[in-house]
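> So that we are looking at the same thing, I have put the structure below in C-alpha cells.
Derivation of every value follows stated rules applied to the coordinates shown; laboratory data play no part. For clarity, every value in this text was computed on a predicted model and none was experimentally measured. So basically every Cβ, Gly included, is an ideal-geometry build from the backbone, and we count neighbours across all protein chains shown.
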Amino acid sequence: MSYEMLVALNVLDDQMYQEYRDAMKPILAAYGGGFSYDFKVSEVLLSEDNSEINRVFTIKFPDNEKMEGFFSNPEYLKVKDAYFESSVGSTTIISSYEKNT
C-alpha cells in the first residue's frame, strides 16, 4: 500500500517553481516520497472550484503518516516559504487515496 495525492496547481513562475522542486526533493526522498506523474496542462475543460490550472501531478508516500510528516517538516516549510508561495497562484487537491502497489 502507498498513499497518493492528485494535485493541480496554477504555476505563475516556472523557474522559481523548479527551484522549489529541486530544493524539496531531498526532503521528500527522506520520507520515502516521490512523484508518479507530472504534467504541464494547456487547457482545462472543467474545474469544480474554477481555479486556473496549468500543472497536474501525483505525489506518493509509503503511508499517510509519512505524508503528514513531510508537509509539517520545518526544513520543508522553509523551502515552501522561499519558493512555492511566490511561484504558485493556487493549489487544488483533486483527490487523495490509498493505492495498492
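> Set the Förster distance to 22 Å, then compute FRET efficiency between Asn10 and Leu77 from the Cβ-Cβ distance, nearest 0.05.
Efficiency, rounded to the nearest 0.05: 0.55.
> Could you work out how far apart the two model spin labels at Glu98 and Ser86 are, taking each label as a point 7 Å from the Cα in the direction of the beta carbon, and quote it in nm?
4.1
> Next question, about the same structure. Mind listing which GluC sites (Glu not before Pro) in the range 8-72 are in a DSSP loop and have 11 or fewer other Cβ atoms within 10 Å?
Within the range 8-72, the qualifying GluC sites (Glu not before Pro) (loop, at most 11 other Cβ atoms within 10 Å) are Glu43, Glu48.
> Semi-axes of the equivalent ellipsoid of the chain: what are they in whole Å, largest first, if each equals the square root of 5 times a C-alpha gyration tensor eigenvalue?
Semi-axis lengths for the chain are 21, 18, 11 Å.
> Identify all aspartates and glutamates with a Cα-Cα distance to Lys80 below 19 Å; exclude those on the same chain that are fewer than 8 residues away in sequence.
Counting by Cα, and skipping residues close in sequence, Lys80 has these aspartates and glutamates nearby: Asp13, Asp14, Glu19, Asp22, Asp38, Glu68.
> Beyond 17 Å, how much of the Cα-Cα pair distribution for the range 1-47 remains, as a whole percent?
Here the tail beyond 17 Å accounts for 48 percent of pairs.
> Using amide H atoms built 1.01 Å from N in the peptide plane, name the residues 5+ places from Glu52, or on other chains, whose amide H lies under 5 Å from its own.
Residues meeting the criterion, in which the H sits 1.01 Å from N, do not exist here.
> For Asn50 and Asp22, calculate 0.36 nm times their separation in residues minus their Cα-Cα distance, and state this gained length in nm to one decimal.
7.2 nm
> While we're looking at this one, here's another question. Can you list residues whose amide H is under 5 Å from Asp63's amide H, if they're 5+ apart or on another chain and H is modeled 1.01 Å from N?
Amide H to amide H, under 5 Å and 5 or more residues apart or across chains, Asp63 pairs with Tyr3.
> Output wanted: per-residue J couplings in Hz (rounded whole) for the range 73-84, from phi through Karplus 6.51 cos²θ - 1.76 cosθ + 1.60, θ = phi - 60°, x for Gly and Pro.
4, x, 5, 4, 4, 5, 5, 4, 5, 6, 10, 5
> Suppose R0 equals 25 Å. What FRET efficiency, 1/(1 + (r/R0)^6) with r the Cβ-Cβ distance, do Ser42 and Asn64 give to the nearest 0.05?
So, using R0 = 25 Å, E works out to roughly 0.15.
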